[in-house]
1. Could you give every pair whose Cβ atoms fall below 8 Å, whose first residue belongs to the stretch 477-500 and is at positive phi and open to solvent by less than 10 Å² (accessible area, probe 1.4 Å), and whose second residue is part of a helix (DSSP H, G or I) and among the polar types (S, T, N, Q), counting only separations of at least 6 or pairs across chains?
2. Scan the stretch 57-86 for residues that are open to solvent by less than 40 Å² (accessible area, probe 1.4 Å), touching a residue at least 40 places away in the same chain (Cβ under 8 Å) and not in a loop (DSSP other than H, G, I, E, B) and jot them down.
3. Please specify each residue of the stretch 329-340 satisfying the condition of being out of contact with any strand residue (DSSP E or B) (no Cβ under 9 Å at 6 or more places or on another chain) and within 15 Å of A296 (Cβ to Cβ).
4. Six or more apart or on different chains, Cβ under 6 Å: which pairs go from a residue in the stretch 180-206 that's farther than 21 Å from F233 by Cβ and open to solvent by 20 Å² or more (accessible area, probe 1.4 Å) to one that's at pLDDT 95 or above and of a type in the set (K, R)? Could you list them?
5. Restricting the first residue to the stretch 22-41 and requiring it to be more than 12 Å from L63 (Cβ to Cβ) and assigned to a helix (DSSP H, G or I), which pairs with a second residue that is open to solvent by less than 10 Å² (accessible area, probe 1.4 Å) and among the polar types (S, T, N, Q) meet a Cβ separation below 6 Å and a spacing of at least six or different chains?
6. Considering each residue of the stretch 458-491, count those that are within 25 Å of L89 (Cα to Cα) and either among the acidic types (D, E) or part of a loop (DSSP other than H, G, I, E, B) (or both), and give that number.
7. Could you count how many residues in the stretch 45-76 are within 29 Å of the chain's Cα centre (by Cα) and hydroxyl-bearing (S, T, Y)?
8. What are the residue pairs meeting all of these: first residue in the stretch 424-440, first residue at pLDDT 90 or above, second residue open to solvent by less than 50 Å² (accessible area, probe 1.4 Å) and charged (D, E, K, R), Cβ atoms under 9 Å, and 6 or more apart or on different chains?
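The values are calculated or read from the model by the stated rules, or taken from the named source; none is laboratory data. Note that the structure is a prediction, hence the values are computed from the model and not measured. Backbone-built Cβ (ideal geometry, glycine too); neighbour counts: all protein chains shown. When the accessible area is computed, the model is the full protein with side chains, heavy atoms only, and any ligands, DNA or RNA have been set aside. Shrake-Rupley method; radii C 1.70, N 1.55, O 1.52, S 1.80 Å.
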Amino acid sequence: MDLQDKETTCGEILPVVIIGNGPSGICLSYLLSGYTPYLSPEGWHPNPLLHSKLAEQPHLSLLEQDLEYLCEGLEGRSSNPVAVLFDSLLLPDSDFGLDHTSPLEWRYEPERAIPHLVLGKGPPGGAWHAMEGSMLTLSLANWMELPGLKLKDWMRDKRRNVRNDRATPAEIASYYQHYVSQMSLEQNFACSTTVTSVTREPGEQDGSPSCWRVSGLQRREGEILGVTEEVPFSLLAHNVVLATGTHDVPARLGVEGESLPFVSHSFWELEMAISRGELDQSSDPVLVVGAGLTAADAVLAAHHLNTSVYHAFRRSVVDPGLIFNQLPKLLYPEYHKVHQMMTQQPHQSTPSLEPAQNLHSRPSSSSYTPLSSSSTPSSSSSSYPGYLSFPCHRVAAFRPDRKCILESDSGEQTVVQVSKALVLIGAHPNLSFLRDKGRSLGINPDEAISCRRNPIDVDPFTNKVLAADGPGMYAMGPLVGENFVRFLKGGALAIVGDLSKQWSWRRGEKAVTADRRVSCRIDAEVLDS
């Protein structure tokens, strides 16, 4: 969609603008387009208390019911109550490995549709288009799907054999893009857009209400073939939904030398180095920093190439907070393998290393002491040749000669020679379009917004941003701590439930105003006669 057609020079105010076109924005657009969930006449839920509550008013859609009442007593793997409720209704008892049919039915009711616009930097699907395409997703395939289109059915149409219950990011990205087309949502999506500012506009003296101004740039093909230009846009909206996800800004260590050319913060840069032939079994080891799934994917990719790997991470291998200790071994064998490597082949300190104080200065290359040969990843006696882990270690510095200083919790430092360093410790959302990057919106307003440590503070049953500069701002998805697709759908339900009440009121107000105008005209005609 060309946003030039949406410019609000005439003062038109859009009901809803959604910033972010990943699964959060797509699911929200689906519900805003008039697709409405009801308890099916034949529907049954294995939770008898929830089923009895739903059956009290079966003629009402889920959007019209008291979500707080329905959420009472439910437990699940999310801290957001509506996320647990909607997940339970879409995938009953899925945490127990059961595949119950959802008790919901979806009805298309165009009279309920609320006009909206979804803005995104790339095609629908958001960050899924930028993820490595061959690894398998952490979530089960049906956990990744959106309402109204079974992912497994779509995958079977795309390939003959579905060998397991997980999909690749490339398949998921393609599914989300197809979903927007299949559900006829394209007219609501404006891609190739970058939002640069979201501000509160005061009301006018003529009585027009205050609203949000959303400004930014849209990439478009210029008049000259092959030339892309960025065209500014500015929109007014009664409501703004923050749904940008969390993959925009890679997290950094903040240590000396982190900006050196051999240090990367993206898995894609490892893929590019491999494709260019820069890494092979004769290369110096690759240093992978981090203990998340992206770091594990990097370890697997390098190990598959027979390139040696140093793997440094802050946690202990037995820390219950480590993601590998939370995954079923049978379902995630490749990540269990990485965890085995981390556990079975840790670095052992040796007395041949120089004292730590000699490494704090910027010494010449001759004063570096390399890792002991008995502990290098090429050791043939190990179960996983070419791999060495550094539990409870942090990076103290990177040096221009491709040497990295690793420091243990006890303060002991080790120097390793590497060909490339990959810092894969997560990412932060890009909220640069908000005042002070949105810090004031977090649970702790003194810290930057972090999807895991400091999410945006919202009302649990409406997803309204509690510290917004004015009414009509919502947040969903990773920004409120929902990092799994299966749970972000609950945010869409909460937001549309709240917006539906506003929209019904606005439509009723317009109808009353129109009736008054007709009544006044009739009265005037009577008086004239």
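1. Final answer for the pair search is G477/S24.
2. Matches in the stretch 57-86: L62, L63, L67, C71, P81, V82, A83, V84, L85, F86.
3. If the condition is that a residue be out of contact with any strand residue (DSSP E or B) (no Cβ under 9 Å at 6 or more places or on another chain) and within 15 Å of A296 (Cβ to Cβ), then K329, L331, Y332, P333, E334, Y335, H336, K337, H339, Q340 are the ones that fit.
4. Listed by first residue and then by second, the contacts come to nothing, as the list is empty.
5. Close Cβ pairs (under 6 Å, with a partner that is open to solvent by less than 10 Å² (accessible area, probe 1.4 Å) and among the polar types (S, T, N, Q)) do not exist here.
6. Qualifying residue count for the region: 10.
7. 2
8. L424/D297
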